[in-house]
């Protein structure tokens, strides 16, 4: 495995990287470079509201989405199966939804 121990500034990935950085007491900056961030930026740019909700996407999340009148945004596999939008910018049309609820850790 790649060893970054001699370096002051390190790059880590995922939950393991976050855990390792926390154990070292590092100052941590999280950069989300996945399609999720592109989707959120696109939606907000056209005036859509994005409501984050802790996982999982369950009855509590669905009840909150109903309460705020938001469209549920699904993971890619479930969205494809249901014919619904996902957090992929390819499937998400922010012009059609003013409010959106997504589950993210």
Legend entry - Scan of region 19-42 for residues that are outside any loop (DSSP other than H, G, I, E, B) and either touching a helix residue (DSSP H, G or I) at 6+ places or on another chain (Cβ under 7 Å) or within 24 Å of residue 88 (Cα to Cα) (or both), ordered by number: 35, 36, 37, 38, 39, 40, 41, 42
Inset, instruction - Identify all residues within region 61-77 that are at pLDDT 85 or above, in contact with a strand residue (DSSP E or B) (Cβ under 8 Å, 6 or more places away or on another chain) and surrounded by 11 or more Cβ atoms within 10 Å (Cβ to Cβ); write none if there are none. - result: 61, 62, 64, 65, 68, 70, 71, 72, 73
Legend entry - Tabulated pairs, region 45-69, first within 18 Å of residue 86 (Cβ to Cβ), second part of a helix (DSSP H, G or I), C-beta under 7 angstrom, 6+ apart or interchain: 50/40; 50/43; 50/44; 51/68; 53/61; 53/64
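The values are calculated or read from the model by the stated rules, or taken from the named source; none is laboratory data. Keep in mind the model is a prediction, meaning the values are calculated, not measured. Ideal geometry is used to build each Cβ from the backbone, glycine not excepted, and the neighbour counts take in all protein chains shown.
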